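Below is one structure; the comments refer to it alone.
The values are calculated or read from the model by the stated rules, or taken from the named source; none is laboratory data. These figures come from a predicted structure and were not determined experimentally. Here the Cβ is made from the backbone with ideal geometry for all residues, glycine too, and neighbour counts use every protein chain on show. Ligands, DNA and RNA are stripped out before the accessible areas are found, and what is left, the full protein with its side chains, is counted by its heavy atoms. Shrake-Rupley method; radii C 1.70, N 1.55, O 1.52, S 1.80 Å.
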Amino acid sequence: MSRLEQTFIQLKKYKNKALIPFITAGHPHPLLTVPIMHSLVKNGASIIELGMPFSDPMADGIVIQESSEKAIEHGMTLDSVLDIVGEFREEDKDTPVVLMGYLNPIEKFGYEAFVETAANSGVDAVLIVDCPPEESAELLILLKRYNMNQIFLIAPTTDKQRQMYILSQASGFIYCVALKGVTGAANVEYNDLSEKIASVKSISDIPVAIGFGVKDVESALSVAEYGDAVVIGSALVSLLDRCKNQGDVESAIKSFIKPIAIAINKS
Amino acid sequence: MIDYYNYPDHKGHFDQFGGIFASETLMLCLKELQESYAKLKLSKAFQNEFYNDLAHYVGRPSPLYFAKRLTETVGGARIWLKREDLNHTGAHKINNTVGQILMAKAMGKKRIIAETGAGQHGVATATVAARLGLKCVVYMGEVDIQRQAINVYRMKLLGAEVISVTSGSKTLKDALNEAMRDWVANVDDTFYIIGTVAGPAPYPEMVRDFNSIVGKEAKQQFERQVGGLPDALVACVGGGSNAMGLFYEFLNDESVALYGVEAEGKGMKTGKHAASITAGDIGVLHGNRTYVMSDEDGQIIETHSISAGLDYPGVGPEHAFLHYSKRANYVLANDDEALNAFHLLTEIEGILPALESSHAVAYGMKLAQKLDKDKHIIINLSGRGDKDVHTIAALEGIKL
Ligand SMILES: Cc1ncc(COP(=O)(O)O)c(C=O)c1O
């Protein structure tokens, strides 16, 4: 059983929800990424989504774009992202790490080399924003071979028929995008969310994570009631953007992440 | 032998190239577009309206012109120019926007977005949107806004909103990223008119089809004016729409050699160029698998060309396929060669070519020189150079 599956089984046993923070590897500085990851876990994160910086992040809003640009300026590469996971794994053997990013760096690295290195570094899953299931056959086979998951998205525009197709390919968890738009969108109006999630739940019992537009306790609570996990990205990344050192990072995460982790598990 | 008319397949693949590499929010919309296009492609009414607009609004057919003095100066094969510069708005780009706006209308979309590099596609989009009374937003890199000021103003006169893109290299690729972001947020009422044979399926096929009028006419005109088939076709390649438009009708005519001219910029050794096929690797950018210019980590590289319209780190997937299958040759012309060709054509033929098209002229002259006098080559004069006059004056230290 994969680390991700185990995590969700554990959470379910205590009727808890997973908090999944997203950070960009190498942002605000490569030396801070591992401390940030540990601090996230300490303050209630169940799974970490680690962004692989890309020069042309088409599906991301300005906050994550800029964090990627900064990470690349600091010399972050796919290789060093994998090293970071390896270093994190030396101390943390339990918290699943999901890599999130775009396909071109992986094409350049080579699928097989990437999957093998990622597996050895302790990566549990990958989410590739510009690689829908239709184009994922080759990658899926490799990931399965190394007991890793490919995480797929379900968007507000995804109809029932397509939900069925995506869910038939999905493993680990499914990521439901709550809004039309890029990451960090401002308007948090989750109108059809409950219907959408109910539809997903009627097709599959895979855990459901919900994200896009979650920025505080209130917005986290409003999506947590529907899903098994809440993803929080841009709001955290912009908070980290102002941090200069490990002390800043730890106090920022404590004051921002901890209340959300507590809140979504009280309801 | 490969039948080049079997591509793309139903998933938008040209062999290993193309496809749909898009975020999930766009998938349904792209499927819808694919289905609508498949229907409209076969619809007589749609095709009639399209060809009618090409004739009466764009001003087609464009002439196939024998460049007598250019031919004499070069002293080799006979050089013919396909005069896309004479189209309404001054380039081949209008062929595609006339087609796509009809799609937008058929699909009931109320808002049009586009990306632009040289501004020609932006102008062509703003033009057809004005004609149909649709709201139009054009994304353009900050760098390109500076070097194509006239086209920016033209778009504004046409009622379009031009949004300056300041992320990344602030050029065409970043404008495309930003247009995609807009589309993801506004898929319900917005039609995205992509300006070249790139992007996710069905765009490469659709844009190719709308531009294939160029090659269809050229084939008939050549048959009528000379007889038989030309020996070679030459076109510049940014994303590749004018080249695909000229080549498509000739793909299965093996005797016709195809040359796509990429921008060599300041020279391959300097790294300041935009030659994605010549120097790039197979990768994924802007929704399709193709040749991409990226560094050893897969980050997209900033390109350089004197012409904004060729300044793009990817290339349409069908060109990737034509290169891979060796049907077409992808060659180079640098900034200086393009400038020289610009001046020569202006001085001896009285035709100001766009800087993009000047790359095709530059390579076409080299090619003609190597060929016998009884051979014929057609160069796609994809656009006129009026938009570049300021750039050229500035380069030559002249204040206008
Ligand atoms: C006149 C002209 N030719 C060529 C191009 C390059 O585009 P493509 O390769 O799609 O024809 C442009 C792009 O703006 C253009 O304006």
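I want to confirm something. Restricting to the stretch A:221-233 and keeping residues that are outside any loop (DSSP other than H, G, I, E, B) and at pLDDT below 95, which single residue is nearest to A:LYS12 (Cα to Cα)? Only one residue fits best here, namely A:ALA224.
I'm checking my understanding of the structure. Among residues of the stretch B:119-137 that are modelled with pLDDT of 95 or more and within 16 Å of the ligand (Cβ to nearest atom), which one is farthest from the other protein chains (Cβ to nearest Cβ)? Among those residues, the one meeting the criterion is B:THR127.
Does the stretch B:108-121 include one or more residues that are farther than 19 Å from B:TYR312 by Cα, in a helix (DSSP H, G or I) and either in the same structural domain as B:PHE191 (by TED's automatic domain parsing) or basic (Lys, Arg) (or both)? Among the residues of the stretch B:108-121, not one is farther than 19 Å from B:TYR312 by Cα, in a helix (DSSP H, G or I) and either in the same structural domain as B:PHE191 (by TED's automatic domain parsing) or basic (Lys, Arg) (or both), which makes the answer no.
Going residue by residue through the stretch B:108-118, is there one that turns out to be more than 14 Å from every other protein chain (Cβ to nearest Cβ), buried (at least 22 other Cβ atoms within 10 Å of the Cβ) and touching a Cys at 6+ places or on another chain (Cβ under 7 Å)? Within the stretch B:108-118, one or more residues are more than 14 Å from every other protein chain (Cβ to nearest Cβ), buried (at least 22 other Cβ atoms within 10 Å of the Cβ) and touching a Cys at 6+ places or on another chain (Cβ under 7 Å).
Evaluate the following for B:ILE193: is it of a type in the set (A, V, I, L, M), in contact with a strand residue (DSSP E or B) (Cβ under 9 Å, 6 or more places away or on another chain) and at negative phi? Answer is yes for this residue. Go through (1) crowded, with 17+ Cβ neighbours inside 10 Å; (2) of a type in the set (Gly, Ala, Ser); (3) over 21 Å from B:GLU349 (Cα atoms); (4) away from the ligand (no atom under 16 Å from the Cβ) for B:ALA45 and report which single condition fails. All conditions pass for B:ALA45, except number (1). Of all residues in the stretch A:244-257, those satisfying the criterion of being open to solvent by less than 80 Å² (accessible area, probe 1.4 Å) and in contact (Cβ under 8 Å) with a residue 24 or more places away in the chain are A:ASN245, A:VAL249, A:GLU250, A:ILE253, A:ILE257.
Every residue, every condition in (1) within 14 Å of another protein chain (Cβ to nearest Cβ); (2) crowded, with 24+ Cβ neighbours inside 10 Å, yes or no:
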position	(1), (2)
A:ILE36	no, yes
A:ASN43	no, no
A:PRO57	yes, yes
A:ASP60	yes, yes
A:ILE64	yes, yes
A:GLU69	yes, no
A:THR77	yes, no
A:VAL81	yes, yes
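Of note, A:ASP94 does not satisfy the criterion of being assigned to a loop (DSSP other than H, G, I, E, B) and within 30 Å of B:GLY19 (Cα to Cα). Residue pairs whose Cβ atoms lie under 6 Å apart, separated by 6 or more positions or on different chains, with the first residue in the stretch B:141-159 and without any contact (Cβ under 8 Å) to a residue 24 or more places away in the chain and the second open to solvent by less than 70 Å² (accessible area, probe 1.4 Å), are B:ILE145/B:VAL152; B:ILE145/B:SER164. Only a single criterion out of (1) within 14 Å of chain B (Cβ to nearest Cβ); (2) farther than 26 Å from A:GLY227 by Cα; (3) of a type in the set (A, V, I, L, M, F, W, C) is not satisfied by A:PHE88, namely (1).
Within the stretch B:48-56, is there a residue that is in a strand (DSSP E or B) and open to solvent by 10 Å² or more (accessible area, probe 1.4 Å)? No: the stretch B:48-56 contains no residue that is in a strand (DSSP E or B) and open to solvent by 10 Å² or more (accessible area, probe 1.4 Å). Just one of the numbered conditions (1) out of contact with any Gly (no Cβ under 7 Å at 6 or more places or on another chain); (2) within 14 Å of chain A (Cβ to nearest Cβ); (3) part of a loop (DSSP other than H, G, I, E, B) is not true of B:TYR312; which one? Going through the list (1) out of contact with any Gly (no Cβ under 7 Å at 6 or more places or on another chain); (2) within 14 Å of chain A (Cβ to nearest Cβ); (3) part of a loop (DSSP other than H, G, I, E, B), B:TYR312 breaks only (1). Inspection of the stretch B:4-27 identifies no residue that is more than 14 Å from every other protein chain (Cβ to nearest Cβ), open to solvent by 60 Å² or more (accessible area, probe 1.4 Å), assigned to a helix (DSSP H, G or I) and under 20 Å from B:LEU132 (Cβ atoms). Determine if the stretch A:190-207 includes at least one residue that is within 12 Å of chain B (Cβ to nearest Cβ), not in a loop (DSSP other than H, G, I, E, B) and not aromatic (Phe, Trp, Tyr). The answer is no; no qualifying residue exists. Selection of the stretch B:75-95 for residues being among the aliphatic types (A, V, I, L, M), under 20 Å from B:ALA354 (Cα atoms) and open to solvent by less than 20 Å² (accessible area, probe 1.4 Å) yields B:ILE79, B:LEU81, B:ALA91, B:ILE94.
Of the residues making up the stretch B:175-199, those that are within 16 Å of the ligand (Cβ to nearest atom) and either farther than 15 Å from B:MET140 by Cα or free of Cβ contacts under 8 Å to residues at least 24 places away in the same chain (or both) number 3. For the condition touching a residue at least 60 places away in the same chain (Cβ under 8 Å), over 23 Å from B:LYS170 (Cα atoms) and surrounded by fewer than 19 Cβ atoms within 10 Å (Cβ to Cβ), B:ASN329 qualifies.
Closer than 17 Å to B:THR25 by Cα and open to solvent by less than 40 Å² (accessible area, probe 1.4 Å): is that true of A:LEU236 in this structure? Spelling it out, it is not the case that A:LEU236 is closer than 17 Å to B:THR25 by Cα and open to solvent by less than 40 Å² (accessible area, probe 1.4 Å). Restricting B:ILE300, B:ILE379 to those that are within 15 Å of the ligand (Cβ to nearest atom), surrounded by 19 or more Cβ atoms within 10 Å (Cβ to Cβ) and touching a residue at least 12 places away in the same chain (Cβ under 8 Å) reduces the list to B:ILE379. Residues of the stretch B:249-284 that are without any contact (Cβ under 8 Å) to a residue 60 or more places away in the chain, among the charged types (D, E, K, R), outside any helix (DSSP H, G or I) and farther than 13 Å from B:ILE301 by Cα: B:ASP253 alone. The residues in the stretch B:205-238 that are closer than 20 Å to B:SER358 by Cα, among the hydrophobic types (A, V, I, L, M, F, W, C) and crowded, with 23+ Cβ neighbours inside 10 Å can be counted, and the count is 7.
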